[in-house]
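Quick notes on the structure that follows.
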Amino acid sequence: MAQEIATLAGGCFWCTEAVYQNLRGVSSVESGYIGGARPNPTYEEICTGATGHAEAIRITYDPAQISYDDLLDIFFATHEPTTLNRQGNDVGTQYRSAIFPHSPEQEAQAHAAITRAQPDHRDPIVTTIEADAPWYPAEDYHQKYWERVGDRNPYCMAVIPPKLAKLRKGFAERIGA
(Lines give C-alpha, C1' and ligand atoms only; values in the text may rest on other atoms or scores of the structure.)
Protein backbone atom coordinates (compact mmCIF):
# COMPACT_ATOMS: atom_id res chain seq x y z
CA MET A 1 0.00 0.00 0.00
CA ALA A 2 1.14 3.55 -0.66
CA GLN A 3 2.59 5.71 2.06
CA GLU A 4 0.46 8.54 3.45
CA ILE A 5 1.30 11.81 5.15
CA ALA A 6 0.11 13.34 8.42
CA THR A 7 1.05 16.87 9.48
CA LEU A 8 0.75 17.78 13.15
CA ALA A 9 1.79 20.77 15.26
CA GLY A 10 2.09 20.12 18.96
CA GLY A 11 4.58 22.68 20.20
CA CYS A 12 8.32 22.21 19.86
CA PHE A 13 8.98 20.02 16.85
CA TRP A 14 11.99 18.41 18.56
CA CYS A 15 9.57 17.07 21.16
CA THR A 16 6.84 15.83 18.84
CA GLU A 17 9.36 14.35 16.40
CA ALA A 18 10.84 12.21 19.19
CA VAL A 19 7.43 10.64 19.90
CA TYR A 20 6.81 9.49 16.32
CA GLN A 21 10.30 8.40 15.20
CA ASN A 22 10.12 4.86 16.53
CA LEU A 23 6.55 3.90 15.76
CA ARG A 24 5.93 0.79 13.72
CA GLY A 25 4.73 1.84 10.28
CA VAL A 26 6.29 5.31 10.37
CA SER A 27 8.98 5.58 7.71
CA SER A 28 10.01 9.19 8.33
CA VAL A 29 9.36 12.22 10.50
CA GLU A 30 10.44 15.63 9.28
CA SER A 31 10.42 18.83 11.34
CA GLY A 32 9.25 21.96 9.57
CA TYR A 33 7.00 24.96 9.33
CA ILE A 34 3.41 25.26 8.11
CA GLY A 35 0.43 27.56 8.28
CA GLY A 36 2.04 30.95 7.84
CA ALA A 37 2.31 33.65 5.21
CA ARG A 38 6.04 34.04 4.56
CA PRO A 39 7.60 31.73 1.95
CA ASN A 40 10.70 29.79 3.03
CA PRO A 41 10.79 31.00 6.62
CA THR A 42 13.83 30.47 8.81
CA TYR A 43 13.84 29.22 12.38
CA GLU A 44 14.81 32.69 13.58
CA GLU A 45 11.79 34.18 11.78
CA ILE A 46 9.46 31.51 13.14
CA CYS A 47 10.64 32.15 16.70
CA THR A 48 9.37 35.74 16.53
CA GLY A 49 5.81 34.50 16.02
CA ALA A 50 5.38 37.08 13.26
CA THR A 51 5.26 34.66 10.29
CA GLY A 52 2.12 32.80 11.39
CA HIS A 53 3.79 29.42 10.92
CA ALA A 54 3.64 26.59 13.44
CA GLU A 55 6.53 24.33 14.33
CA ALA A 56 5.21 21.01 13.06
CA ILE A 57 6.14 17.52 11.98
CA ARG A 58 5.33 15.76 8.75
CA ILE A 59 4.94 12.02 9.25
CA THR A 60 5.21 9.57 6.37
CA TYR A 61 3.55 6.30 7.33
CA ASP A 62 2.14 3.03 6.05
CA PRO A 63 -1.59 2.95 6.86
CA ALA A 64 -1.53 -0.85 6.70
CA GLN A 65 0.72 -0.78 9.80
CA ILE A 66 -0.49 2.29 11.70
CA SER A 67 -3.64 4.27 11.10
CA TYR A 68 -4.16 8.01 10.94
CA ASP A 69 -6.51 7.58 13.91
CA ASP A 70 -3.66 6.00 15.88
CA LEU A 71 -1.34 8.88 14.98
CA LEU A 72 -3.96 11.36 16.18
CA ASP A 73 -4.66 9.45 19.40
CA ILE A 74 -0.92 9.46 20.14
CA PHE A 75 -0.83 13.19 19.36
CA PHE A 76 -3.53 13.98 21.91
CA ALA A 77 -2.01 11.70 24.55
CA THR A 78 1.52 13.11 24.32
CA HIS A 79 1.09 16.89 24.18
CA GLU A 80 -1.12 19.44 25.94
CA PRO A 81 -4.01 20.25 23.58
CA THR A 82 -5.85 22.50 26.06
CA THR A 83 -3.46 25.46 26.23
CA LEU A 84 -3.83 28.07 23.51
CA ASN A 85 -0.56 28.87 21.73
CA ARG A 86 1.50 27.24 24.46
CA GLN A 87 3.31 24.03 25.26
CA GLY A 88 5.00 24.25 28.65
CA ASN A 89 7.42 27.17 28.59
CA ASP A 90 7.09 27.59 24.81
CA VAL A 91 4.62 30.42 24.20
CA GLY A 92 3.40 31.89 20.91
CA THR A 93 1.34 30.95 17.87
CA GLN A 94 4.32 29.00 16.53
CA TYR A 95 3.73 26.49 19.35
CA ARG A 96 -0.01 26.06 18.76
CA SER A 97 -1.72 22.70 18.75
CA ALA A 98 -2.96 22.12 15.21
CA ILE A 99 -3.76 19.41 12.70
CA PHE A 100 -3.25 20.02 8.98
CA PRO A 101 -5.32 17.38 7.15
CA HIS A 102 -4.36 16.35 3.63
CA SER A 103 -7.82 15.14 2.61
CA PRO A 104 -11.48 15.45 3.58
CA GLU A 105 -11.18 12.00 5.20
CA GLN A 106 -8.30 13.16 7.38
CA GLU A 107 -10.27 16.27 8.33
CA ALA A 108 -13.24 14.15 9.44
CA GLN A 109 -10.88 11.88 11.39
CA ALA A 110 -9.29 14.93 13.06
CA HIS A 111 -12.70 16.14 14.27
CA ALA A 112 -13.49 12.64 15.57
CA ALA A 113 -10.11 12.44 17.34
CA ILE A 114 -10.81 15.68 19.20
CA THR A 115 -14.14 14.27 20.33
CA ARG A 116 -12.45 11.01 21.44
CA ALA A 117 -9.70 12.87 23.32
CA GLN A 118 -11.85 15.44 25.14
CA PRO A 119 -12.93 13.13 28.00
CA ASP A 120 -9.24 12.62 28.88
CA HIS A 121 -8.76 16.37 29.45
CA ARG A 122 -10.31 18.52 32.15
CA ASP A 123 -10.18 21.71 30.06
CA PRO A 124 -11.55 22.13 26.53
CA ILE A 125 -9.25 21.05 23.71
CA VAL A 126 -8.16 24.10 21.68
CA THR A 127 -6.41 22.21 18.88
CA THR A 128 -7.25 23.80 15.55
CA ILE A 129 -7.87 21.98 12.30
CA GLU A 130 -6.26 24.14 9.64
CA ALA A 131 -6.19 23.93 5.87
CA ASP A 132 -3.25 22.16 4.32
CA ALA A 133 -0.65 24.76 3.42
CA PRO A 134 2.84 24.94 1.96
CA TRP A 135 5.34 22.87 3.94
CA TYR A 136 8.82 24.17 4.62
CA PRO A 137 11.33 21.69 6.06
CA ALA A 138 13.22 23.03 9.03
CA GLU A 139 16.95 23.51 8.82
CA ASP A 140 19.06 20.33 8.89
CA TYR A 141 20.20 20.85 12.48
CA HIS A 142 16.57 20.46 13.65
CA GLN A 143 16.05 17.07 11.99
CA LYS A 144 16.21 14.01 14.27
CA TYR A 145 17.27 16.36 17.05
CA TRP A 146 16.44 14.09 19.99
CA GLU A 147 18.14 11.15 18.33
CA ARG A 148 21.31 13.15 17.66
CA VAL A 149 21.75 15.53 20.61
CA GLY A 150 18.57 15.75 22.65
CA ASP A 151 19.90 13.89 25.67
CA ARG A 152 22.55 16.62 26.03
CA ASN A 153 19.97 19.41 25.92
CA PRO A 154 18.41 20.20 29.35
CA TYR A 155 15.18 21.44 27.73
CA CYS A 156 14.75 18.20 25.81
CA MET A 157 15.61 16.13 28.87
CA ALA A 158 12.86 17.89 30.82
CA VAL A 159 10.18 17.64 28.11
CA ILE A 160 10.74 14.57 25.95
CA PRO A 161 11.13 11.65 28.44
CA PRO A 162 7.67 12.28 29.95
CA LYS A 163 6.18 12.26 26.43
CA LEU A 164 7.96 9.00 25.66
CA ALA A 165 6.72 7.51 28.94
CA LYS A 166 3.13 8.38 27.96
CA LEU A 167 3.75 6.78 24.57
CA ARG A 168 5.09 3.57 26.15
CA LYS A 169 2.26 3.45 28.68
CA GLY A 170 -0.62 3.99 26.26
CA PHE A 171 0.71 2.74 22.93
CA ALA A 172 3.43 0.16 23.62
CA GLU A 173 2.09 -2.10 20.87
CA ARG A 174 2.73 0.67 18.32
CA ILE A 175 6.42 1.08 19.13
CA GLY A 176 8.72 -0.61 16.62
CA ALA A 177 11.37 -3.13 17.53
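The values are calculated or read from the model by the stated rules, or taken from the named source; none is laboratory data. Owing to the predicted nature of the structure, the values given are computational and were not obtained by experimental measurement. Positions of Cβ are generated from backbone atoms using ideal geometry, with glycine treated the same way; all protein chains shown enter the neighbour counts.
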Discussion item. What pairs come out if I take residues in the range 85-98 that are under 16 Å from T48 (Cβ atoms) and touching a residue at least 24 places away in the same chain (Cβ under 8 Å) and pair them with residues that are buried (at least 17 other Cβ atoms within 10 Å of the Cβ) and among the β-branched types (V, I, T) whose C-beta lies under 6 Å away, six or more apart or interchain?
Written reply: Q94/I46
Worksheet item: Can you find even one residue in the range 126-142 that is in contact (Cβ under 8 Å) with a residue 24 or more places away in the chain, within 18 Å of I59 (Cα to Cα), touching a His at 6+ places or on another chain (Cβ under 7 Å) and not in a helix (DSSP H, G or I)?
Response: yes
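Go through E30, E55, E44 for me and flag whichever is within 14 Å of A138 (Cα to Cα), without any contact (Cβ under 8 Å) to a residue 40 or more places away in the chain and either surrounded by fewer than 16 Cβ atoms within 10 Å (Cβ to Cβ) or of a type outside the set (A, V, I, L, M) (or both).
Details: E30 fails: without any contact (Cβ under 8 Å) to a residue 40 or more places away in the chain; E55 fails: without any contact (Cβ under 8 Å) to a residue 40 or more places away in the chain.
From the options E30, E55, E44, the qualifying one is E44.
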Worksheet item: Only one residue in Q65, Q87 is at pLDDT below 95 and not hydrophobic (A, V, I, L, M, F, W, C). Which one?
Response: Q87
Worksheet entry | Odd one out for T48 among (1) over 17 Å from the mean Cα position of the chain (by Cα); (2) farther than 20 Å from L84 by Cα | (2)
Worksheet item: Out of the range 44-66, which residues are in contact with a strand residue (DSSP E or B) (Cβ under 9 Å, 6 or more places away or on another chain) and within 18 Å of G176 (Cβ to Cβ)?
Response: I57, I59, T60, Y61, D62, P63, Q65, I66
Discussion item. Condition check: of a type in the set (D, E, K, R), part of a helix (DSSP H, G or I) and loosely packed, with under 12 Cβ neighbours inside 10 Å. Does K169 satisfy that?
Written reply: yes
